[in-house]
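Colleague: Have a look at the structure that comes next, please.
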Amino acid sequence: MAGGRGWLRRAAPFFGLCCALGLAGCHRGKPSPSSVSEQSGRSVLLPQRLGWLSSERASGALPSAVALGGKASGRVLLYFEFAASPPGRRLLRAELVLTVSGAPGTSIGVELSRAEAARGELLSWSDQPRARYPRLSAQLSSDGEPVRLDVTELARAESKPGEPLRLLLRAEPDAPEPLLIETGAAGGAAPRLQAYWE
């Protein structure tokens, strides 16, 4: 029995350490949504401005979905403007999340870049904002899941303090059938920027 009490005395500091770690956040209980968001450093932004242009027709009002990549679509450009990044935090990763639909197996290549601010309304192909470097290539496909495009390099590119993140997505009419990108104009899933910080 004395040996058992001695073992308990030797183990007490270890149990105390475990309890301290548990109080510091190592417990297995389900954290509240607010603490998950704070700990992960994750933010989801909807565009402050979203526009589109086609080389084949005037754009007009924002439709519920924009067709791009198909031969009848012409060259298509999507313009996204997101709020400026929070100061004093390091960006780990940024993704442009798009809801895509189309014929099964359809895949198209697109180019992504930073952009200068759009001037006035985006109505005709000549209204397209000027693209800025860097530029990235990516693939869009209709596999039933939201498409996540890695735009970390674009989001990290040098910009003026407080300047919004402006992105361009350009597609050429290379595919037999187009893909549809939901805009959220009719209540569907809008494009969004998902970022992770520390």
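Colleague: Give the calculated FRET efficiency between ALA186 and ARG90 to the nearest 0.05, with a Förster radius of 45 Å applied to their Cβ-Cβ distance.
Modeller: Plugging the Cβ-Cβ distance into 1/(1 + (r/R0)^6) gives 0.75.
Colleague: Moving on. Could you work out how much longer the chain between ALA83 and SER159 gets when fully extended? Use 0.36 nm per residue separation minus the Cα distance between them, nm to one decimal.
Modeller: Details: separation 76, 0.36 × 76 = 27.36 nm, distance 1.26 nm.
Value of the extension gain: 26.1 nm.
Colleague: Multiply the residue gap between LEU136 and TYR196 by 0.36 nm, knock off their C-alpha separation, and tell me the result in nm, one decimal place.
Modeller: Details: separation 60, 0.36 × 60 = 21.60 nm, distance 1.97 nm.
Roughly 19.6 nm would be gained on extension.
Colleague: Label VAL97 and SER64 with points 7 Å out from Cα along Cα→Cβ: what is the distance between them in nm?
Modeller: Modelled inter-label distance: 2.2 nm.
Colleague: Which whole-Hz couplings ³J(HN,Hα) result when phi for each residue of the range 125-140 is put into the Karplus expression 6.51 cos²θ - 1.76 cosθ + 1.60, θ = phi - 60°, listed in order with x for Gly and Pro?
Modeller: 4, 6, 8, 5, x, 6, 6, 10, 7, x, 10, 10, 9, 8, 10, 10
Colleague: Give me, ordered by chain and number, the residues 5 or more places off ARG93 or on other chains with an amide H under 5 Å from its own placed amide H.
Modeller: For ARG93, the qualifying residues are TYR196.
Colleague: Extension gain GLU177-ARG49, at 0.36 nm per residue separation less the Cα-Cα distance, in nm?
Modeller: Result for the pair: 43.3 nm of gain on full extension.
No value in this document is a laboratory result; all are computed from the given coordinates. As the structure is a computational prediction, the values presented were derived from the model and not from experiment. Note that each Cβ is placed from the backbone with ideal geometry, even for glycine, and that neighbours are counted across all protein chains shown.
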